[in-house]
Amino acid sequence: MARPSQYPEQFRKDAVDLVRSSDRPLRQIARDLGVNHETLRGWVRAAEKQPGRAAPADLSVAERDELRKLRARVRELELEKDILRKAAQYFAKEMGQ
């Protein structure tokens, strides 16, 4: 009997969708998500066997391009947010001295 997954179902679905819509290698996506690449590969294969799941070919070239641009923008905004958070912590610490 297989042991239950430590990852929630929604996380697995989102990870599979990310693999399908991204142009990045599966290994890199797995590393970014903190998941073993073989585990992620198994999720993708299992999702391919399920009827009714959207395949990456369902996206047009324009949609893929827009998705790629939006993901790049999200990465940029997350980096800016982290920088601002660190700056706020630094200045809060300086004000407290």
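The values are calculated or read from the model by the stated rules, or taken from the named source; none is laboratory data. Keep in mind that what you see is a predicted model, and the values were worked out from it rather than measured. As a convention, Cβ positions derive from the backbone with ideal geometry for all residues, glycine included, and neighbour counts pool all protein chains shown.
What are the pairs, 6+ residues apart or on separate chains, where a residue within the range 11-23 that is assigned by TED's automatic domain parsing to the domain that holds GLY34 and free of Cβ contacts under 8 Å to residues at least 40 places away in the same chain has its Cβ under 7 Å from a residue that is crowded, with 16+ Cβ neighbours inside 10 Å and not in a helix (DSSP H, G or I)?
From residues that are assigned by TED's automatic domain parsing to the domain that holds GLY34 and free of Cβ contacts under 8 Å to residues at least 40 places away in the same chain, the pairs are ALA15/VAL35.
Restricting the search to the range 29-64, which residues are at pLDDT 85 or above and over 22 Å from PRO8 (Cα atoms)?
Residues of the range 29-64 at pLDDT 85 or above: 29-49, 62-63.
Passing the criteria: ALA62, GLU63.
Within the range 1-52, can you find the residues that are over 23 Å from VAL74 (Cβ atoms), in a loop (DSSP other than H, G, I, E, B) and among the polar types (S, T, N, Q)?
SER5, GLN6, ASN36, GLN50
I'm told SER60 meets every condition in (1) more than 14 Å from the chain's Cα centre (by Cα); (2) surrounded by 11 or more Cβ atoms within 10 Å (Cβ to Cβ) except one. Can you identify the failing condition by its number?
All conditions are met except number (2).
Out of (1) exposed (fewer than 10 other Cβ atoms within 10 Å of the Cβ); (2) modelled with pLDDT under 85; (3) under 22 Å from the mean Cα position of the chain (by Cα), the odd one out for GLN97 is which?
Result: GLN97 fails condition (3) only.
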